[in-house]
Each structure stands twice: as C-alpha cells, then as structure tokens.
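Any read-out appearing in this document is the output of simple, stated calculations on the displayed coordinates, not a laboratory observation. What you see is a predicted model; the values in this text were computed from it and never measured. Neighbour counts run over all protein chains shown; Cβ positions are idealised from the backbone, glycine included.
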C-alpha cells in the first residue's frame, strides 16, 4: 500500500517475518484485506478472522491473511498461500 492510501492494517513482527520468508508482497495482503473473495472465522480464537483471495501474480494461488478483527486498524497475525483452500464462487 502506498503512502497516499489510508492505513487499513498493521503487521505483527511475526507477520513481517513471514511475508519476507514466504515472498508475499505487502500489496497482496492489502488487496486481500480490502477485497477478500471470502472470509472465515478462526477455529480457535473468536477475535481472529481469515481473509482469502486469489493472487493473479502467483498463478491464482489463494492467499490466507489471518487478522485480529477487534483491533483498529486491523492487526495482521500471519499470511500464507493455502494449498487446501478451494476457491469459492
């Protein structure tokens, strides 16, 4: 996300590290949070939500972004390409 945009989220230290290690672009995280193809609740923590969306630059792989829905701006916990996620229609 560029400096001209409003800040919709922050990254935890863990999330920053995972984005670097997994070669996930910050813009992809922003895109997935702003316009998810679908969302899911977290199985273990009611405050967490999962935003999912296909990333064209990675061949349509599904990016899963886990964030704290109770914080403003939203706090991203982690992000990863989810091989098990099936695209929703």
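List of remarks:
- 222 nm mean residue ellipticity, helices alone, for the chain (DSSP H n ≥ 4; -39,500 (n - 2.57); rounded to 500): -6000 deg cm²/dmol
- Shown here is the pair-distance distribution of the chain: with all Cα-Cα distances grouped in 10 Å bins from zero up to the longest one, the shares run 17, 54, 27, 2 percent.
- DSSP-defined beta bridges in the chain - what % are antiparallel, rounded to 5: 85
- Panel order for 61, 13, by other beta carbons found within 10 Å of each beta carbon, from fewest to most: 13, 61.
- Sorting 63, 33 from the fewest to the most surrounding beta carbons within 10 angstrom yields 33, 63.
- The fewest-to-most ranking of 42, 68 by surrounding Cβ atoms within 10 Å reads 42, 68.
- Across the chain, C-alpha contacts under 8 Å between residues 6 or more apart give a mean separation that, scaled by the residue count, equals a relative contact order of 31 percent.
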